[in-house]
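The values are calculated or read from the model by the stated rules, or taken from the named source; none is laboratory data. In this text, all values refer to a predicted model and were calculated from it rather than measured experimentally. Heads up, the Cβs are rebuilt from the backbone with ideal geometry, glycines too, and the neighbour counts pull from every protein chain shown. Calculation scope for accessible area: heavy atoms of the full protein, side chains included, ligands and nucleic acids excluded. Shrake-Rupley method; radii C 1.70, N 1.55, O 1.52, S 1.80 Å.
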Amino acid sequence: MFTPSRDEVRQFFCTAWKKHQERLPLAGAEVTAADVAARHPEYHVLLSNPDAALQAEWTPEGGAMNPFLHLSMHLAIAEQLSIDQPPGIRAAFSRLVQRMDAHAAEHVLLECLGEVLWAAQQRGGMPDSDSYLEKVLQRTT
């Protein structure tokens with residue numbers, strides 16, 4: 001399993017964004033990372049300043065969403081959709097896209113994923129993929 005450090009994740013997104021801005025070739029997950037970043041203009045200044053990105057802190061007490069957590073969750077969603085894991089997530093996403101744009105639909109999946117990850121963290125276990133899919137399916141109706 002690939003477990004990058006906090007700084008490696010931040011550097012990855014900053015590098016992908018820089019390559020995208022400079023129209024340099026992107027490789028592997030950089031393609032998706034740059035696409036996700038492009039859809040989040042509120043993060044462009046941060047992504048363009050790797051030093052600031054590496055130093056910044058976002059805490060729950062501060063009330064701000066960690067941009068790198070948000071972008072990373074988008075990457076996770078893209079991977080889930082590409083391999084239909086958990087099975088049925090791609091069909092559920094397609095139903096959401098019939099009602100809203102794809103980015104908004106991704107945010108629905110992000111909310112559900114966040115709830116399942118939080119619950120797993122609270123109980124000290126693995127995320128429950130059945131619960132995740134169930135939460136998504138509830139939002140498709």
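Observations, loosely collected:
- Boolean, Glu79 is within 30 Å of Gln55 (Cβ to Cβ), out of contact with any Asp or Glu (no Cβ under 7 Å at 6 or more places or on another chain) and of a type outside the set (A, V, I, L, M): yes
- Residues (among the small types (Gly, Ala, Ser) and under 16 Å from the mean Cα position of the chain (by Cα)) located in segment 99-141: Ala102, Ala104, Ala105, Gly114
- Applying the condition of being touching a helix residue (DSSP H, G or I) at 6+ places or on another chain (Cβ under 9 Å) and part of a helix (DSSP H, G or I) to segment 121-133 and asking which residue is surrounded by the most Cβ atoms within 10 Å (Cβ to Cβ) yields Tyr132.
- Residues within segment 20-51 that are among the basic types (Lys, Arg) and free of Cβ contacts under 8 Å to residues at least 60 places away in the same chain, tallied: 1
- Among (1) at pLDDT 95 or above; (2) out of contact with any Asp or Glu (no Cβ under 8 Å at 6 or more places or on another chain) - the single one Thr15 does not satisfy: (2)
- Helices (runs of 4 or more DSSP H) contained in segment 1-109 and holding at least 1 residues within 28 Å of Asp128 (Cα to Cα) and open to solvent by less than 30 Å² (accessible area, probe 1.4 Å): 6-21, 29-38, 67-83, 89-99
- All of (1) farther than 18 Å from Glu8 by Cβ; (2) more than 15 Å from the chain's Cα centre (by Cα); (3) free of Cβ contacts under 8 Å to residues at least 12 places away in the same chain hold for Trp58 with one exception: (1).
- Against the conditions (1) of a type in the set (A, V, I, L, M); (2) open to solvent by 60 Å² or more (accessible area, probe 1.4 Å); (3) not in a helix (DSSP H, G or I), Leu117 satisfies every one except (3).
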